[in-house]
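Let me begin by presenting the structure, written as structure tokens, before commenting on it.
The values are calculated or read from the model by the stated rules, or taken from the named source; none is laboratory data. Just so it is clear, the model here is predicted, and its values are computed rather than measured. Cβ placement follows ideal geometry from the backbone for every residue including glycine, while neighbour counts extend to all protein chains displayed. Surface accessibility is based on the protein's heavy atoms, side chains included, excluding ligands, DNA and RNA. Shrake-Rupley method; radii C 1.70, N 1.55, O 1.52, S 1.80 Å.
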Amino acid sequence: DLADIGVTGLATMGRNLARNLARHGYAVAVHNRSASRTRDLVKEFGGEGTFVASEELADFVASLKRPRRAIIMVKAGAGTDAVIDQLAELMEPGDMIVDGGNAHFADTRRREAALREKGIHFVGTGISGGEEGALNGPSIMPGGSKESWEALGPILQDISAKVDGVPCAVHVGPDGAGHFVKMVHNGIEYSDMQLIAESYDLLRQALGATPAELAEVFREWNQGDLGSYLIEITAEVLDQVDAATGKPFVDVVVDQAEQKGTGRWTVQSALDLGVPVTGIAEAVFARALSGHPEQRAAAAGLEGPKLSGVGGRELIEDVRQALYASKIVAYAQGFDQMAAASKEYGWDLDLGAMATIWRGGCIIRAKFLDRIRAAYDADPALPTLLADPTFAAALNVAQGAWRRVVTTAVQIGVPTPGFSSALAYYDGLRRDRLPAALVQGLRDFFGAHTYLRVDREGAFHTDWSGDRSEHSA
Ligand code: NDP
């Protein structure tokens, strides 16, 4: 019998996705470059459903019902291109190739355009939730054509996470939209983690609290507005004790954060689009700073403030509020980036739907996303999440605490780039007049770049090196 859908690439992610499909009653064709992975899958998990195994890619393609649906779960980059080329040779117009790997959205746009020429639907799909999500229900962000969504949507919704009965999978938009949205998801994940790390660091330094005590703080926070997967697992990690030394686990881990690249991609794209995603950028740069041990060693002797141990227990509630406010800013920026890309690439993204499919299955899943969805439900053209009445009120409540937290951090010399830059963004965006006017003046002075006036139409230039009279440009 022919399979409903296939998965090629059976490492951690592909294997779990194939099992998830089989557990939902789909007959799943499975294939991997090295056949041993395919054999292992069938041997270990064959009892979970119907697997149709092939050792050759041609047999894998031949084992699929028409129009064919094949998911690629291989190493992103050259590996993906190789597999796409081989599959495209074997497929026919109307067939669908789904790339579930972490591809750059520009690659996805290129691949989609090339396969469209051959009549093959290429569906770049963001899949979040790691190993566990792939097996039990990830958040799924497919791009590609509407027709491909008709054929794939019901299956993807079936295997996705559900929140209040709503699947965490929608058709994001054409070509690279799915991978773009997954990229921004990961960027936001970076900023969430950075803000959590700053909260932990500041409380530990200011109060002298132990990791175990802070685990309790995060556990409490998880009951309120901040309730989320990342806050929940922060408590778990802070509570962990190293078996070998008896020390807190967090104290035996090398303090250099690594990155696989999606945070960097998010910031690169934001620079191209001209969207200030300062929260994500600070998170990427904080990881980069941590990863320079030679510079850190050379700078270790630099003086810091003499002050320490400031603040009492009230700092805990202040930090909670600063974290919440900074999180609102970071998400607002990420959603701005999606809005800008939607315009640039003609994707017609439904921002509220993005919040909806991130509520479950993925790493940034949080109660908070319900509020974002509500904000876009109330006003789909919302210029910034900060202006949503609910978020505006929350920021107003938090801003006093937020300022105290940044002040304390500066006083005791604990770096909180996430908190401070989010606050600077908030203060920048809400300002009546910005010093950008002076920047425009300087640009006109040295480069005759011209400026606009607040009171008249048109562009102007002042004759700075002459009599300083103004001329219409
Ligand atoms: P890896 O990224 O470790 O990739 C290993 C798989 O790729 C193996 O099946 C390997 O085959 C195959 N492969 C590599 N190069 C080629 C090639 N040239 N031709 C054919 N097959 C090739 O696997 P993961 O399961 O970790 O991830 C799969 C994809 O999912 C990646 O794009 C990853 O970025 C993405 N992803 C991963 C997440 C995670 O939590 N791990 C979360 C979300 C997405 P072989 O066995 O023969 O070596």
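Inspect all residues belonging to the stretch 461-473 and state whether any of them is within 30 Å of N186 (Cα to Cα) and modelled with pLDDT under 95.
no
For the stretch 2-12: of the residues being within 14 Å of the ligand (Cβ to nearest atom) and surrounded by fewer than 24 Cβ atoms within 10 Å (Cβ to Cβ), which is farthest from G361 (Cα to Cα)?
A11
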Margin query: Taking the condition of being part of a helix (DSSP H, G or I), out of contact with any Phe, Trp or Tyr (no Cβ under 9 Å at 6 or more places or on another chain), within 14 Å of the ligand (Cβ to nearest atom) and open to solvent by 10 Å² or more (accessible area, probe 1.4 Å), how many residues in the stretch 17-57 meet it?
Written below: 6
Check: Which of the residues that make up the stretch 214-263 are over 29 Å from I328 (Cβ atoms) and of a type in the set (A, V, I, L, M, F, W, C)?
Finding: V241, A243, A244, F249, V252, V253, V254
Checklist line | Residue in the stretch 268-312 that is nearest to L202 (Cα to Cα), counting only those that are of a type in the set (V, I, T) and open to solvent by less than 40 Å² (accessible area, probe 1.4 Å) | finding: V310
Next item on the list: Scan the stretch 62-79 for residues that are more than 14 Å from the ligand (Cβ to nearest atom), of a type outside the set (S, T, N, Q) and not in a strand (DSSP E or B) and report the count.
Entry: 5
Notebook entry, point to check: Which number in (1) over 21 Å from Y425 (Cα atoms); (2) assigned to a helix (DSSP H, G or I) marks the one condition that A286 misses?
Noted result: (1)
Notebook entry, point to check: Taking I120 and the conditions (1) at pLDDT below 95; (2) surrounded by 15 or more Cβ atoms within 10 Å (Cβ to Cβ), which numbered condition does it fall short on, given that it satisfies the others?
Noted result: (1)
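Looking only at the stretch 154-163, decide whether some residue is within 16 Å of the ligand (Cβ to nearest atom), within 30 Å of L315 (Cα to Cα) and either hydrophobic (A, V, I, L, M, F, W, C) or modelled with pLDDT of 95 or more (or both).
no
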Item checked: Failed condition for N102, given (1) away from the ligand (no atom under 14 Å from the Cβ); (2) of a type outside the set (A, V, I, L, M, F, W, C); (3) under 29 Å from A161 (Cα atoms) -> (1)
Next item on the list: Determine which member of the set Y345, Y425 is in contact with a Gly (Cβ under 9 Å, 6 or more places away or on another chain), among the hydroxyl-bearing types (S, T, Y) and open to solvent by 50 Å² or more (accessible area, probe 1.4 Å).
Entry: Y345
Next item on the list: Taking L315 as the residue in question, decide whether it is over 23 Å from I364 (Cα atoms) and either open to solvent by less than 70 Å² (accessible area, probe 1.4 Å) or modelled with pLDDT of 95 or more (or both).
Entry: yes
Margin query: Go through (1) in a helix (DSSP H, G or I); (2) open to solvent by 20 Å² or more (accessible area, probe 1.4 Å) for L382 and report which single condition fails.
Written below: (1)
Check: In the stretch 377-388, how many residues are of a type outside the set (A, V, I, L, M, F, W, C), over 19 Å from the mean Cα position of the chain (by Cα) and within 25 Å of D427 (Cβ to Cβ)?
Finding: 3
Check: Going through the stretch 246-266 one residue at a time, which ones are open to solvent by less than 30 Å² (accessible area, probe 1.4 Å) and at positive phi?
Finding: G261
Next item on the list: Among residues belonging to the stretch 134-148 that are closer than 20 Å to T80 by Cβ and outside any strand (DSSP E or B), point out the one that is farthest from the ligand (Cβ to nearest atom).
Entry: S145
Next item on the list: Go through the stretch 191-220 and give me each residue that's among the hydroxyl-bearing types (S, T, Y) and touching an Asp or Glu at 6+ places or on another chain (Cβ under 9 Å).
Entry: S191
Note to self: As an exercise: evaluate G101 against (1) in contact (Cβ under 8 Å) with a residue 60 or more places away in the chain; (2) more than 25 Å from the chain's Cα centre (by Cα); (3) open to solvent by less than 50 Å² (accessible area, probe 1.4 Å) and give the number of the one condition it does not meet.
What the structure shows: (2)
Check: In the stretch 80-89, what count of residues is obtained for those that are near the ligand (Cβ under 7 Å from one of its atoms) and open to solvent by 30 Å² or more (accessible area, probe 1.4 Å)?
Finding: 1
Notebook entry, point to check: Among the helices (runs of 4 or more DSSP H) confined wholly to the stretch 153-245, which include 2 or more residues that are buried (at least 17 other Cβ atoms within 10 Å of the Cβ) and of a type in the set (S, T, N, Q)?
Noted result: 177-207
